[in-house]
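First comes the structure, then the notes that go with it.
The values are calculated or read from the model by the stated rules, or taken from the named source; none is laboratory data. The model shown is predicted, which means the values in this text are computed figures rather than measured ones. With ideal geometry, Cβ positions are generated from the backbone for all residues, glycine too; neighbour counts draw on all protein chains shown. Calculation scope for accessible area: heavy atoms of the full protein, side chains included, ligands and nucleic acids excluded. Shrake-Rupley method; radii C 1.70, N 1.55, O 1.52, S 1.80 Å.
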Amino acid sequence: MPPITVLAVDDNIIVRAGLISLLEASDGIRVIGEAGDGAQAIEQTRALEPDVVLLDVRMPVRDGVSSVEELAELTKVVMLTHTEDPEVIETALRRGASGYLVHGHFTLDELERALREVVHGNGSPLSPIAATALLASMRSAPTAPAPPRPTDLGLTDREAEVLAAIARGLPNAAIAKDLFLSEKTVKNHINRIFRKLNVSTRAAAIARWNGHGEAPGERTTG
């Protein structure tokens, strides 16, 4: 299996060097570039075409949250940061990030597995602390809109079942088992769901399913 190619983006040189050192300890990951702000990240992504960008939140010139939407049109993006603000987490995911990881809350093996899932469209990793913050934010919202009906989103009943399973955090293999489908069929359903919802990540599709409005993105594979 070829290594995952990564662009590491963080304005703190020491943090970035530590991250690169950690990533290079894995045979399954290859760092092909680095950047110190969002503008550099977009430039480097266009030039190097990494499988995934690991993107910090708070940076000069252009921060991660303002850059993620443009980056997500080019490749997969996982936020990798010390920031635990629920609003930042929700905004980054809504704008196209495929995951949100907080430094110090994952091992190298867990990071490699998360990146591989993101690259292959099988997951949207959240560090436990990020998931907790996001859930707390959603629970504290004054009123949450009811999930739209499948027909409101243009989905078939089967596509709605698949999207509901995605919203429960199930990977493709588990969805296939639950719905008595092949993994290839599940992937085909996900491709159609992404196309109909005009999204590019599971996180964005979940946001639409949960009634959080239009999420930007271009279609990609499931």
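For this structure, a couple of remarks:
- All positions within region 66-103 that are among the β-branched types (Val, Ile, Thr) and either within 19 Å of ILE32 (Cβ to Cβ) or surrounded by fewer than 24 Cβ atoms within 10 Å (Cβ to Cβ) (or both): THR75, VAL77, VAL78, THR83, VAL88, THR91, VAL102
- When residues of region 112-147 are limited to those that are among the small types (Gly, Ala, Ser) and assigned to a loop (DSSP other than H, G, I, E, B), the one modelled with the lowest pLDDT: ALA144
- Any pair with Cβ under 9 angstrom, 6 or more apart, that starts in region 16-37 at a residue that is within 20 Å of VAL68 (Cβ to Cβ) and open to solvent by 10 Å² or more (accessible area, probe 1.4 Å) and ends at one that is of a type in the set (S, T, N, Q) and part of a loop (DSSP other than H, G, I, E, B): GLY36/ASN12
Per-residue answers, yes or no, for (1) in contact with a helix residue (DSSP H, G or I) (Cβ under 6 Å, 6 or more places away or on another chain); (2) surrounded by fewer than 17 Cβ atoms within 10 Å (Cβ to Cβ):
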site	(1), (2)
THR156	no, yes
GLU159	yes, no
VAL162	yes, no
LEU170	no, no
ILE190	no, no
LYS196	no, no
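- Candidate set from region 42-65 (those that are of a type in the set (Val, Ile, Thr) and farther than 18 Å from ALA130 by Cβ); member that is surrounded by the most Cβ atoms within 10 Å (Cβ to Cβ): THR45
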